[in-house]
Amino acid sequence: MAPDKVSILIIYTGGTIGMIKDPANGSLKLFDFKKIMGQIPEIKGLGFRIDAISFDPPIDSSDIDTSTWTKLAEIIEENYKEFDGFVILHGTDTMAYSASALSFMLEELAKPVIFTGAQLPIGALRTDGKENLITSIVIAGAKEYGKPVVPEVCIYFESKLSRGNRTTKVNAEHFNAFQSANCPYLAKAGVHLVYNREYVRYPGKFRQLVVHKDFNNHIAILKLFPGITPGYLDAVLEYKDLRGVVLETYGAGNAPTGSWFLDRIKKAVDKGIIILDVTQCSRGSVEMGRYETSLHLLNVGVISGYDITTEAATTKLMVLLAQNLGVDEVKMLLNKSLKGEITLP
Ligand code: ASP
């Protein structure tokens, strides 16, 4: 093993990508990623040293929970020094949540962590999995002047590299399954792999990786809809252990103006529950105060999520609430871009 070879650790969690056709009966079965080099010989051509860890058993990403994120962060922490980059194979359904969570867990990350998956199994003839996997490995191993080109948690899917905490799954049918509506892609893969370096975040010098492994999941996602009832609001806001709410509002962060609504929101805020205003629109930002309908929210103590995705808001809240911080400090950090997850005005 040449010591100067680029080294990549593939972590296979499960999902559609990890299936291959059983030659005996033609059915799709889970694939042992430890044997990856034998199964996808093209990877050898990269000249990288590649190792793989498989979850046992692999899981559909609908079964991902916070303990899975802790496990992923621990694997990265344990192998951080030994590998130049990490590729996480993951089901697409909750990939945007996992990539967002890892981005907040891995503070001062200085190496690439690239999530990818597939809409068709790697064993299927028309699979999108091979290109997604091979290009993810290339990106995870890409260096310039000895430094990683993209030292961030990202999702690579269908020719596009996005910051993980800016990404949302938008298509259950097409290969083009993810969008990064409010942040430019960090790279695009065509004949050439073109990096959008001006948008890539680089860590400060001499900083050490810090891993946040805990979550407080006593939070709620409350999506507004015309006709929402006071009883429904009460059911959510009076949940005993509630610490935070991602309030999915209309347009630029707007919500009903009636006292039946605002009084309940104010009561929750006064109890110390953090309410973050996140728009239901996939593009654009919350602008509290632009309309009267959001000014009221601001006045009762709701804070702006700007253009954060629900996935990033949810995971950021859970990570921050698990740290020993006061309510005001959590609010202050929610209004800051910690890992490029929001565009501040
Ligand atoms: N249900 C699968 C999952 O998210 C779909 C996929 O892998 O894309 O695990």
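Counting residues in the stretch 134-141 that are part of a strand (DSSP E or B), on the phi < 0 side of the Ramachandran plot and touching a residue at least 40 places away in the same chain (Cβ under 8 Å) gives zero. Of all residues in the stretch 280-303, those that are outside any helix (DSSP H, G or I) and buried (at least 24 other Cβ atoms within 10 Å of the Cβ) total 2.
When the stretch 48-68 is filtered for residues that are touching a residue at least 60 places away in the same chain (Cβ under 8 Å) and either within 12 Å of the ligand (Cβ to nearest atom) or among the hydroxyl-bearing types (Ser, Thr, Tyr) (or both), only THR66 remains. Just one of the listed residues (THR70, THR92) is surrounded by fewer than 21 Cβ atoms within 10 Å (Cβ to Cβ), at pLDDT 85 or above and either out of contact with any Leu (no Cβ under 8 Å at 6 or more places or on another chain) or closer than 17 Å to LEU133 by Cβ (or both), and it is THR70. Of all the criteria given as (1) away from the ligand (no atom under 16 Å from the Cβ); (2) at pLDDT 95 or above, the one not satisfied by TYR145 is (2).
Quick one: how many residues across the stretch 107-135 are surrounded by fewer than 24 Cβ atoms within 10 Å (Cβ to Cβ) and either of a type outside the set (Lys, Arg) or within 29 Å of VAL319 (Cα to Cα) (or both)?
Of the residues in that region, 14 qualify.
Every listed requirement among (1) in a loop (DSSP other than H, G, I, E, B); (2) at pLDDT below 95; (3) farther than 19 Å from THR13 by Cβ is met by GLU131 save one, (1).
Only strands (runs of 3 or more DSSP E) wholly contained in the stretch 146-254 count here; list those with 2 or more residues that are within 16 Å of the chain's Cα centre (by Cα).
Ranges flagged: 153-157, 160-163.
Note on the stretch 7-29: residues that are in contact with a helix residue (DSSP H, G or I) (Cβ under 7 Å, 6 or more places away or on another chain), within 12 Å of the ligand (Cβ to nearest atom) and either outside any loop (DSSP other than H, G, I, E, B) or free of Cβ contacts under 8 Å to residues at least 12 places away in the same chain (or both) amount to 3. Return the total of residues in the stretch 108-125 being more than 12 Å from the ligand (Cβ to nearest atom), at pLDDT 90 or above and assigned to a loop (DSSP other than H, G, I, E, B). Qualifying residue count, the stretch 108-125: 5.
From the list GLU152, GLU158, exactly one residue is under 21 Å from GLU173 (Cβ atoms) and at pLDDT 90 or above. Which is it?
GLU158
With the requirement that a residue be closer than 16 Å to PHE104 by Cα and buried (at least 22 other Cβ atoms within 10 Å of the Cβ), what does the stretch 151-161 give you? The answer is GLU152, VAL153, CYS154, ILE155. Look at the stretch 69-98: where a residue is near the ligand (Cβ under 10 Å from one of its atoms) and a partner is of a type in the set (Lys, Arg), sitting 6+ places away or on another chain with Cβ atoms under 9 Å, you get THR92/LYS169; ASP93/LYS169; THR94/LYS169; MET95/LYS169.
The values are calculated or read from the model by the stated rules, or taken from the named source; none is laboratory data. Remember, predicted model here, so these are calculated numbers, not experimental data. All Cβ positions, glycine included, derive from the backbone under ideal geometry; neighbour counts span all protein chains shown.
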